[in-house]
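Report on the structure given below.
Values quoted throughout were computed directly from the atomic coordinates according to the rules given, and no laboratory measurement underlies them. Model, not experiment: these values are computed from the prediction. A quick note on method: Cβ atoms are made from the backbone with ideal geometry, for glycine too, and the neighbour counts reach across all protein chains shown.
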Amino acid sequence: MRVIAGSARGRPLRAPATGRTRPTADRIKGAVFSMLEAEAYRRGFEPEPGDDERDGRFAAAVAWPRVLELYAGSGALAIEALSRGAARAVLVESSAAARKIIVENLQRTGLAERATVHAMTSAAALSTLAGAYDLILLDPPYDEPGVTGLLGRLAGGPAGPSAVLVWEHQRVVVPPERIEGAATDGSDGPWGWRLVRTNEHGIAAVSLYATDSA
């Protein structure tokens, strides 16, 4: 497993050896960021060049600079976003062993200063984390219950008005065309998620959602 593009391109990443943590394969990670680049271009964003080819910001990083990764595992998705020029990333992981790997991966890629790692469950994070996020990344265990409800709470809480969300799930799971927003206090959220597209990769699939206002 490695960083695919950007300032940390080619740097190897470690993966946790815990049973419920499933690292995102480089093939799927590449597909995720290709989807994001295409959506960013569709919205009119373009890359920002840097002093050399590794220092520039990809279009997706310009469009969605504030990143939240839930069920972070190795942190590979947020690290890829940071490498491509995202301004800041918050990573949420409940496993101490996985968090240790995340910190190591951030250090070996030189991206630790732009990242914060929280020791909590993803559900708890929705009631704890302040601020609005532009890009939300989820790769939960395939048997994790209540993920759709969590997506609704994200729309009613941490998601910014033009946010996008990437959800990796089993191919047999049919992603909802729309997910209603639900605020963290139980009331209706200000917006919901609409499905933009789903790409299949073997037994896995990746669904891209956008807020109603986007």
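According to a simple spin-label model (label point 7 Å from Cα along Cα-to-Cβ), what is the distance in nm between residue 144 and residue 108?
Going from the residue 108 label point to the residue 144 one covers 2.3 nm.
Can you check how the C-alpha radius of gyration of the range 49-108 compares to 2.2 N^0.38 Å, as a plain ratio?
Working it through for the range 49-108, the quotient is 1.18.
I'd like the Kirkwood hydrodynamic radius of the range 1-125, using the inverse of the mean 1/r over distinct C-alpha pairs, in Å.
That comes to 14.5 Å for the range 1-125.
Run through every distinct alpha carbon pair of the chain and return the Kirkwood hydrodynamic radius in angstroms, one decimal place.
Evaluated on the chain, it is 17.0 Å.
Peptides 140-150, 158-168, 62-72: what's the order by average Cβ count within 10 Å, highest mean first? Walk me through the numbers before you get to the answer.
On the way: 140-150: 13.8, 158-168: 21.8, 62-72: 24.6.
The densest-packed peptide leads the list: 62-72, 158-168, 140-150.
Suppose every K and R has +1 on its Cβ and every D and E has -1 on its Cβ; what is the size of the dipole of the chain about the Cα centre, in Debye to the nearest 20?
Computed about the Cα centre, the dipole is about 480 debye.
Calculate for the chain the 222 nm mean residue ellipticity that helices alone would give, adding -39,500 (n - 2.57) per DSSP H run of length 4 or more and normalising by residue count, nearest 500 deg cm²/dmol.
-8500 deg cm²/dmol, from helical runs alone.
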